[in-house]
1. Of the residues 423, 490, which single one is modelled with pLDDT of 95 or more and either in the same structural domain as residue 570 (by TED's automatic domain parsing) or within 16 Å of the ligand (Cβ to nearest atom) (or both)?
2. Looking for something surrounded by fewer than 16 Cβ atoms within 10 Å (Cβ to Cβ), modelled with pLDDT under 95, away from the ligand (no atom under 16 Å from the Cβ) and within 17 Å of the chain's Cα centre (by Cα) - is there at least one such residue anywhere in segment 287-298?
3. Just checking, does segment 303-316 include any residue being away from the ligand (no atom under 16 Å from the Cβ), under 22 Å from residue 578 (Cβ atoms) and in contact (Cβ under 8 Å) with a residue 60 or more places away in the chain?
4. Among the residues of segment 436-444, is there at least one that is among the polar types (S, T, N, Q), buried (at least 20 other Cβ atoms within 10 Å of the Cβ) and farther than 14 Å from residue 324 by Cα?
5. Considering only segment 111-120, I want to know if a residue exists there that is modelled with pLDDT of 95 or more, of a type in the set (A, V, I, L, M, F, W, C), within 21 Å of residue 163 (Cα to Cα) and touching an Asp or Glu at 6+ places or on another chain (Cβ under 8 Å).
6. When you look at residue 205, is it in contact (Cβ under 8 Å) with a residue 60 or more places away in the chain and within 17 Å of residue 23 (Cα to Cα), yes or no?
7. Scanning segment 96-120 for residues that are over 23 Å from residue 7 (Cα atoms) and β-branched (Val, Ile, Thr), which turns out surrounded by the fewest Cβ atoms within 10 Å (Cβ to Cβ)?
8. Only one of 337, 418 is more than 13 Å from the ligand (Cβ to nearest atom), under 30 Å from residue 182 (Cβ atoms) and among the aromatic types (Phe, Trp, Tyr). Can you tell me which?
Amino acid sequence: MCGIIGYIGKQNAAPILIEGLKRLEYRGYDSAGLAIVSQVGGKNGSSIVAVKSVGRVANLENKVSEQLEGVVGIAHTRWATHGKPCDRNSHPHSDCNGKIWLAHNGIIENYQELKDILIRKKHVFKSETDSEVIAHLIEEFGKKYDFKKSVLESLKLLRGTYGLAIIHRDEPNKMIVARLGSPLVIGVGSNENVIASDVSAIIRHTDQVVYLEDGEVAVITPDNYEVFSVKNRAVSKEVTKLDWSIEKAQKHGFDHFMLKEIFEQPETIQNATRGRLVVPEGRAKLGGLRHVADQLRGIEKIVIVSCGTSYYAGLVGEYMLEEYAGIPVEVEYASEFRYRKPILNDKVAVLAISQSGETADTLAAIREAKEKGALTLGIVNTVGSTIARETDAGTYNHAGPEIGVASTKAFTSQLSVFVLLTLMLGRQRGMSFVMGQRIATEMAKIPKQIEKMLKTSKDIKKIAKKYLKYQNFLYMGRKYNYPIALEGSLKIKEIAYVHAEGYPSGEMKHGPIALIDKNFPSIFVTPKDSVYEKNLSGMQEIKARGGKIIAIATEGDKAIQKIADDVIYIPKTLEMLTPLLSVIPLQLLAYYVGVGRGYDVDKPRNLAKSVTVE
Ligand code: G6P
């Protein structure tokens, strides 16, 4: 989410910054902006000129005039979190007097508190962002201290995450950068230094880089960089030599965006739950639903509308909400809902799930629901998108830009938001504190559990290799993992062009078993849950008919090895949370089969990332 770049050296900064932003655009493209120090050391001192534009970096490029000259500058491409995408909310942001400018990637959780204090001290804010507060804090400390000390003192007050690049009109030959939770890299050149959110924006200038760690701050000049802790202790850093091509750098060294996005999931789930999952209190806070919280208490039914992978997230949500929040839920393909005559009233909430926030059918379904007087809600990834704007209330899943056409990280972040929603509505409707705390505690462990699973991706690659030649697969699961069987089969269809059927395993005997022979393998999603024994019987029946089986099972389940040909293990968790883990090997399996068959998994044939037509 959000990309930042800074340049300090001898060359004209603006074109370098724009080029770098283009490399970082995958991190967000709601708006872009830059700030350049001009007239360094000139007769009238220095000034800082900023240019901003909504939308793509190309829009900013058109706005930047050739006259904008200067050898020090910072720039930003935005994935909006606080404040809608518009010029005013675009970075870089400044203090009251346009002396201090900064580009920020991350979220400042206590910004409102700090903003209130600064407003009382007569600071004037120009944007709705959390980031602007940092510029004013530095300005405030600047009344007593120099640039560096003001930054350090300000950082001590911030709660949340940041990757920051800051420039100061009165110390024009210097740039200060800092990192906590959001990445930041210094590219060390000769008589010039480039900083950025990742190496993709640096590699063109130098292959010598210094990775800042959390809690580190660096003061950068054209020919030097010094790294400190926030407490102002010098830190010695190692310079790493990059051996990445530009193409590979943008993908963080992964071969495809899809693989990168699969590996980002520990982080994106954390982003979806940060500040929202309150473990000690066993509850969830969803700010975007606060103003309809009372109305939600009176809701008698939720109808979920969505398409594709988002539809399957909705199906998992149905199981969670009915079991733990006690609310009747229906899940509908948006494309069907809009042409039926749905029976809606003000006691029904219609909840749209959409990564892009622009899917035409989902949008039409929401408009239809509004027309009929239902409360409309959204779980949307793209900030400021049409569905996010048109729903009465909602919540963002904060997965960051998803570039691979087949959805992966957006799906698990949607599931994470469903866990939060279940906690919020459940606690409103009688879920005990103890149950709330159990769910919240287990949910908080999920990112680390996924991280551990991803370390064994090579084993899944080997399994994929074994199954490359098969043209058909049957994916099966039951209860919480029935939608995961559907999602697994969709993934392999989308990117490996393999025919796959997703089925509830209980339905196997009503048809699909007729397909089974040695050339038709089955994938059983069968963690140790309340339907484990039933799944096991189904697996025995497949085995008896000569069908091959890949099982997704819970760690420690040795018995399953006797039935399945291949077993992929997932860590233990609560039954309702198993989909967050069991989908990961299915994403990887689809990926490795797709790549093994020689396809462009990031751009599968005939598909589009955002389907804005019916
Ligand atoms: C397309 C994409 C899928 C996505 C679906 C719904 O088919 O390829 O990955 O799940 O649209 O999109 P949405 O943006 O509404 O989640």
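1. 490
2. There is no residue in segment 287-298 that is surrounded by fewer than 16 Cβ atoms within 10 Å (Cβ to Cβ), modelled with pLDDT under 95, away from the ligand (no atom under 16 Å from the Cβ) and within 17 Å of the chain's Cα centre (by Cα).
3. So far as segment 303-316 goes, no, none of its residues is away from the ligand (no atom under 16 Å from the Cβ), under 22 Å from residue 578 (Cβ atoms) and in contact (Cβ under 8 Å) with a residue 60 or more places away in the chain.
4. For segment 436-444, residues among the polar types (S, T, N, Q), buried (at least 20 other Cβ atoms within 10 Å of the Cβ) and farther than 14 Å from residue 324 by Cα: absent.
5. Scanning segment 111-120 turns up no residue that is modelled with pLDDT of 95 or more, of a type in the set (A, V, I, L, M, F, W, C), within 21 Å of residue 163 (Cα to Cα) and touching an Asp or Glu at 6+ places or on another chain (Cβ under 8 Å).
6. Considered against the rule, which asks whether it is in contact (Cβ under 8 Å) with a residue 60 or more places away in the chain and within 17 Å of residue 23 (Cα to Cα), residue 205 comes out as yes.
7. 119
8. Only one candidate qualifies: 418.
The values are calculated or read from the model by the stated rules, or taken from the named source; none is laboratory data. Just so it is clear, the model here is predicted, and its values are computed rather than measured. With ideal geometry, Cβ positions are generated from the backbone for all residues, glycine too; neighbour counts draw on all protein chains shown.
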